[in-house]
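This report refers to the structure that appears directly beneath it.
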Amino acid sequence: MHLRRADGGSVDRTDALPPSRQRNALRAADLQDLSLLRRAAPALVAIAIVSVADYLSGQDRYLAPLMVVVPSVAALTLRPRELLAVCFLGLLALLGLSRYDQVDNLADNRFLYGAMVSYVAVTALSAGIAELRMRRASAFAAVSSVAEAAQRALLRQPEPVVGPLRLAVRYVSAADAARIGGDLYSVLDTPYGTRVLVGDVRGKGLGAVQTAAVVLGAFREAAYDEEQLPAVAGRIEASMHRHVPDGEFTTAVFAAFREPGSVDLLHLGHVPPLRVHADGTVEAVEFADPWVPLGLGHLVAGRPSPTAVPFGPRDVLVLCTDGVVEARGARGGEFYPLAERAGPLVRDGWRSLADLDAAVARLYADLRAHTGGELGDDALLLLVTRPGPDAQSQGRTGPSPGPHLASP
């Protein structure tokens, strides 16, 4: 993902991908990002180990036929032509060890059949396996590129500035090689103010993505047509009943920024937002009328009511999904204490776009440190500020020192 900076540049957001997921992506691309030497290293190490073992064991032990493992190892990482080149080196090592062990007579069946024929046969078979591996990797890469394009179209990355708001996002899907999962968000500048949706679909995988598509599509239409947030939620509810299987639901929180100094929030079974002040004080938003998640509205009577919350130009609104607050600690297994950690990490985010991006980077890095580096569920962190007119103008046009990114 990429975000535009205030000075017109772009920032790569792939730092939000955990290291293990980055390694999986490289494997899926058939290790194309690695040099030939690094890809050939396992096979070269196998040649060295067999050679040293045979030499140290003396001439009375013939370990050179163990060189047959080299083609098998090379088939895991090398292209067919590269494999043949490395296996030729292994063949030279085999001939040298056979001469050292005095087993290099073609009339000796131990040498001809036990070493040479088996090595050549395994090399040919391994070259075929390497070709098959490359074809499957190419097909997977093609499918993945189409899937990623569809995912980007579904979960559109908002600009750092939408209407009067500044935004900073970190989003990680729990599914390998995927950029979206069951968590969803959208920020729209509408005739009724700037509106934000953060939600969490029940479940994971393709079914969750399909439900997320329904919710986001309905929100992008209703947010421009309906003046009141409960009506927007009602439109999404109706769309889910038409297009989502019974029993599926989505927790959500809506935010509408119309008048300076306040924000209207609508809570539907989601993680309550946090409001962080400039001094680091954190307030969890309490809702007088919390409501059931989207998709379960037919089980209760009435409609949800929005809650007006003070929101000044030096406040930061922290929106997240349960993948954040339910992230388990690597040692004791305790949940991530977002309300305790967010204050000092986020309090300076109101100053500029760069500070806001640095704040979400610090918060995400702290979350990763809490879990030991990996997240077991989809996780979304969305920070929102609404600066005053002077700060807002500076954030759009003034120089920026550049955002700080989370360490990979």
Gly114 modelled with pLDDT of 85 or more, touching a Pro at 6+ places or on another chain (Cβ under 8 Å) and among the small types (Gly, Ala, Ser)
no
Residue count for the range 188-206, restricted to those that are of a type in the set (Gly, Ala, Ser) and free of Cβ contacts under 8 Å to residues at least 60 places away in the same chain:
2
Of (1) of a type outside the set (A, V, I, L, M); (2) on the phi < 0 side of the Ramachandran plot; (3) assigned to a loop (DSSP other than H, G, I, E, B), Gly302 fails just (2)
Mind listing just one residue for me: the one in the range 134-192 that is at pLDDT below 85 and among the acidic types (Asp, Glu) and, of those, least open to solvent (accessible area, probe 1.4 Å)?
Glu148
Do we have any residue at all in the range 246-253 that's loosely packed, with under 14 Cβ neighbours inside 10 Å, among the charged types (D, E, K, R) and outside any strand (DSSP E or B)?
yes
For the subset of the range 46-65 comprising residues that are in contact with an Asp or Glu (Cβ under 8 Å, 6 or more places away or on another chain) and open to solvent by less than 40 Å² (accessible area, probe 1.4 Å), which member is farthest from Thr77 (Cα to Cα)?
Asp54
Of the residues Asp289, Asp264, Asp279, only one is surrounded by 16 or more Cβ atoms within 10 Å (Cβ to Cβ), in contact (Cβ under 8 Å) with a residue 12 or more places away in the chain, more than 23 Å from Gly203 (Cβ to Cβ) and of a type in the set (Asp, Glu); which?
Asp264
Members of the range 353-362 found to be under 16 Å from the mean Cα position of the chain (by Cα) and surrounded by 23 or more Cβ atoms within 10 Å (Cβ to Cβ), listed by number:
Val360
Could you identify the single residue in Gly261, Gly217, Gly295 that is at pLDDT below 95 and closer than 20 Å to Pro164 by Cβ?
Gly261
Condition broken by Leu206, with the remaining ones in (1) open to solvent by 10 Å² or more (accessible area, probe 1.4 Å); (2) at pLDDT 95 or above; (3) not in a strand (DSSP E or B) satisfied:
(2)
Within the range 39-55, identify whether any single residue is of a type outside the set (Phe, Trp, Tyr), at positive phi and at pLDDT 55 or above, and answer yes or no.
no
State all residues of the range 221-240 that are part of a helix (DSSP H, G or I) and either open to solvent by 80 Å² or more (accessible area, probe 1.4 Å) or in contact with a Lys or Arg (Cβ under 9 Å, 6 or more places away or on another chain) (or both); if no residue qualifies, say none.
Glu221, Ala222, Ala223, Tyr224, Asp225, Leu229, Pro230, Ala231, Val232, Ala233, Gly234, Arg235
Does the range 71-84 contain at least one residue that is at pLDDT 80 or above, in contact with a Cys (Cβ under 7 Å, 6 or more places away or on another chain) and over 30 Å from Glu374 (Cβ atoms)?
yes
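The values are calculated or read from the model by the stated rules, or taken from the named source; none is laboratory data. Not measured: the values here are computed from a predicted model. Here the Cβ is made from the backbone with ideal geometry for all residues, glycine too, and neighbour counts use every protein chain on show. These accessible areas exclude ligands, DNA and RNA; they are computed on the full protein's heavy atoms, side chains included. Shrake-Rupley method; radii C 1.70, N 1.55, O 1.52, S 1.80 Å.
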